[in-house]
Amino acid sequence: MTRFRCVWWAAVLLCAFSAPAVRALPTAAQIRGAFTAIDTTGNGAISIDEWEHASFALFHAADTNNNNFIDADELQGSNIAGDTFLRADTDHDGRLSVSEFMELRRAIFQLTDIDRSDNLDSVEFELLIVMEQVGWTDRNQNGRIDLSELSESLAKAFTQVDTDHDGKLSATEAGFMPAGKFKAFDQNHDGQLSLDEFVAGYRAALLGGY
């Protein structure tokens, strides 16, 4: 993966790490491009090794003085959001070590690997982008999201993505989803997604139903 592609991927992926303010999500094309950039084998899944390789590239792109730490001044010029910095800085020393950053990145991978396959498929990656912005629901605090927790997480995401608060997602509001997926989820063919359609669609997609 070239440095350009790594930095571009970082900008797409980490724009979702700026809680609590909800920013516009990347488009479906941007998410697909980021997925493809990380999936260097081209097998349609991101392995742990591919994830770690991309994560290391992101860290080192920000570590401009090459001392294996990201300091506050380096953070300002990087694609790493302040919220990510605070989450990863576990010893609260005001700088981010590569080990702290990678620990967070591995936790995100584990959380998002909903089918426990040790790979992220395109659906899980898409959910990662959305959920890292709006927040996962891990009620049992085991670092994993099971299907019952997924439904609650999706409901939370739906509420925040529904920017006009009409209880439906338009194709524009769901622009992070490929058009074909939006159409497949829209079971009553009204051109919008209800909460039930949104949750049922993603659950089915994760189980291979779409």
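Quick rundown of the values:
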{"quantity": "Alpha-carbon centroid distance for the pair the range 70-119 / the range 153-204, whole angstrom", "calculated": "29 Å"}
{"quantity": "Calculated FRET efficiency for the pair ASP93/ASP196, C-beta based, R₀ 41 Å, to 0.05", "calculated": "0.30"}
{"quantity": "Crossing angle, helix 147-161 versus the chain [Cα axis fit, 0-90 degrees, rounded to tens]", "calculated": "90 degrees"}
{"quantity": "Within a Gaussian network of the chain (alpha carbon springs, distance under 10 Å), most fluctuating of ASN68, ASN140, ASN119", "calculated": "ASN140"}
{"quantity": "Accessible surface, the chain, averaged per residue in Å² (probe 1.4 Å)", "calculated": "47 Å²"}
{"quantity": "On Cα atoms only, tilt of 28-38 relative to the major axis of the chain in degrees", "calculated": "40 degrees"}
{"quantity": "Gaussian network model of the chain, Cα within-10 Å springs - most flexible of ASP196, ASP89, ASP166", "calculated": "ASP166"}
{"quantity": "Within the accessible area of the chain (1.4 Å probe), percent carbon and sulfur", "calculated": "53 percent"}
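The values are calculated or read from the model by the stated rules, or taken from the named source; none is laboratory data. It should be emphasised that the depicted structure is a prediction, and the values quoted were computed from it without experimental measurement. Please note: Cβ atoms are built from the backbone with ideal geometry, for glycine as well, and neighbour counts cover all protein chains shown. SASA here: full protein model, heavy atoms, side chains in, ligands and nucleic acids out. Shrake-Rupley method; radii C 1.70, N 1.55, O 1.52, S 1.80 Å.
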